[in-house]
Amino acid sequence: MAEMTARLPLAISMGCPVGIGPEIAVRFLATEAAPPAVIIGDPLVLEQCARQWAPGVRIQDWQPGRAVLAGAINVLPVSRLADLAWGKPDVRTGQAMASYIAEAVALVRAGELAALVTCPITKTGLRLAGYAYPGHTEMLADLCQTENFGMMLAGQCRAACSKICYALCSAIAACASVTTDGAATRSASARFRRSA
């Protein structure tokens, strides 16, 4: 029998069911380097990805309070979508990816999972499902009931974005018209200096 892990697992929101998120999650969790984690998403979509990208890796249903099964891809089933068209988000996929994020945030806030890692979503899918969020950052801020938020990129260099993401084709025009008081950037900069 596979070993059960005792460490509190990460939550991974699956992202758009017809996008790249499920593949990214499956391929990562199929590696030996992957930490204990639970994908909040759709087991049917993940099974399809596993057949292609991680043959032989089992998709295991998970429920809060249970340990994750090592050597398997643990998933909290939030949807079971059928008849999906790859690369074509619709109302169902938009509602599903928003529900993955909301469920993951609730589980992290309840102390069932350690932290949240998000897979890519489609803004088109969010809009089709009736959500006004421009992306993850604003949705996460709303779910966490905070008005003081930002997106940070970390690695050898740390950078905080002072504005939301734009499509590449409109980014240059948007940058030319953006003004900011710099408060969010100054606050983020101070936090990064303290943690460096």
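The values are calculated or read from the model by the stated rules, or taken from the named source; none is laboratory data. Quick caveat: nothing in here was measured; it's all calculated off a predicted structure. Using ideal geometry, Cβ is built from the backbone for each residue, glycine included, and neighbour counts are taken over all protein chains shown.
Would you mind stating whether Thr118 is in contact with a helix residue (DSSP H, G or I) (Cβ under 9 Å, 6 or more places away or on another chain), buried (at least 20 other Cβ atoms within 10 Å of the Cβ) and assigned by TED's automatic domain parsing to the domain that holds Gln145? Let's see the steps before the verdict.
Values: in contact with a helix residue (DSSP H, G or I) (Cβ under 9 Å, 6 or more places away or on another chain): yes; buried (at least 20 other Cβ atoms within 10 Å of the Cβ): yes; assigned by TED's automatic domain parsing to the domain that holds Gln145: yes.
In short, yes.
Among the residues of the range 122-140, none is identified as at pLDDT 95 or above and either of a type in the set (Val, Ile, Thr) or touching a strand residue (DSSP E or B) at 6+ places or on another chain (Cβ under 9 Å) (or both).
Taking first residues from the range 62-88 that are charged (D, E, K, R) and partners that are in a loop (DSSP other than H, G, I, E, B), the Cβ contacts under 7 Å between residues at least 6 apart in sequence or on separate chains come to Arg80/Asp42; Lys88/Val18.
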